[in-house]
1. Once you keep just the Cα pairs under 8 angstrom separated by 6 or more residues, what percentage relative contact order results for the stretch 84-207?
2. What trypsin sites (Lys or Arg not before Pro) in the stretch 155-217 are in a loop by DSSP, with at most 14 other Cβ atoms within 10 Å of the Cβ?
3. Quick check for the chain: number of Lys pairs with alpha-carbon distance under 17 Å, counting only pairs 8 or more apart or on different chains?
4. Enumerate the amide H contacts of Ser209 below 5 Å, restricted to partners 5 or more residues apart or on another chain; note that Pro and chain-start residues carry no placed amide H.
5. Which whole-number percent gives the relative contact order of the stretch 138-243, counting Cα pairs below 8 Å spaced six or more residues apart?
6. Indicate the gyration tensor shape class of the stretch 84-207 (rounded, prolate or oblate), computed on the Cα atoms with a ≥ b ≥ c the square roots of the eigenvalues: a/c under 1.5 is rounded; otherwise a/b larger than b/c is prolate and the rest oblate.
7. Just checking my list [x] 0.98; [y] 1.02; [z] 1.07 against Cα Rg over 2.2 N^0.38 Å computed from this structure; which label fits?
8. How far, in nm, would the chain grow between Glu152 and Glu231 when pulled straight, counting 0.36 nm per residue and subtracting the alpha carbon separation?
Amino acid sequence: MTETAKTFIDTYPREADRLARDGLYDPAEEHESCGVGLVAALDGRPRREVVEAGIAALRAVWHRGAVDADGKTGDGAGIHVEIPQDFFYEHVARTGHQPEPGRIAVGMVFLPRTDFAAQERCRVLVEREILNYGYTIYGWRQVPVNTQVMGEKAELTRPEIEQIMIANSRNAEDSQFDIDLYIIRRRIEKAAEAESIKDFYICSLSCRSVIYKGMFLAEQLAAFYPDLRDERFVSSFAIFHQR
């Protein structure tokens, strides 16, 4: 654990007392609720310590999550972080593309794991709507995962997890790029519904942030997703959730 993460955990009780005194927090409300929190860099600069502190804080709210009888399957845990642009620039370069100026957008996509025909239909839907809106696709990336940490029930329902990387070929402002991506996502979802495609879900589609989540325990998040342990994976904020 980093010194920053340790400091956060050590100071949390004192800060909770202060917020309660100021009327901003009531410990009596902490019952039968999800565990949710935010870690942020006050200067707004992405750094590795923020991601690590977010992961450590998520582990600290493990008691907010439901656990299956197998002891490993959870009701859901995840983290919402800034897209580490340098990290994805390298992955784009590996596809043979030269990254264009501006932010790379990333879509976190859950696909039907055992139905390969349905997987391809989903990819076609995603690509079609992105291209129809005038943006360029760098390619797909299979997200590395460690399935050994999952419970049996979670493994049985686990999706195929992939990321699609998108170029801002329209040179839109970041705010407009994100609005367009939201519209694209809704079009994809409606098209999938019209074609009765099941087990397909877009966790996030943005040029600013990405969500990593799954049906596991809070402590398993970084073990399941090696991306989150990569030193290049930095962020200025981390919103975490244990269900």
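Values in this text are rule-based calculations from the coordinates and carry no lab data. Treat the numbers as computed from the prediction; the structure is a model and nothing was measured. Quick reminder, even Gly has a Cβ in these numbers, built from the backbone with ideal geometry, and neighbours come from all protein chains shown.
1. Relative contact order for the stretch 84-207 comes out at 41 percent.
2. On the way: sites: Arg170, Arg185, Arg186, Arg187, Lys190, Lys198, Arg208, Lys213; in loops: Arg170, Lys198, Arg208.
Counting only loop positions with at most 14 other Cβ atoms within 10 Å, the trypsin sites (Lys or Arg not before Pro) in the stretch 155-217 are Arg170, Lys198.
3. Working: Lys72/Lys153; Lys72/Lys213; Lys153/Lys213; Lys190/Lys198.
Lysine pairs, 8 or more places apart or on different chains, close enough: 4.
4. Amide H to amide H, under 5 Å and 5 or more residues apart or across chains, Ser209 pairs with Ile83.
5. Working: 72 pairs, mean separation 36.0, N = 106.
Worked out over the stretch 138-243, it gives 34 percent.
6. Numbers: a/c = 2.11, a/b = 1.36, b/c = 1.55.
Oblate, since a/c reaches 1.5 and b/c is not below a/b.
7. Entry [z].
8. Numbers: separation 79, 0.36 × 79 = 28.44 nm, distance 3.01 nm.
Length difference between fully extended and current span is 25.4 nm.
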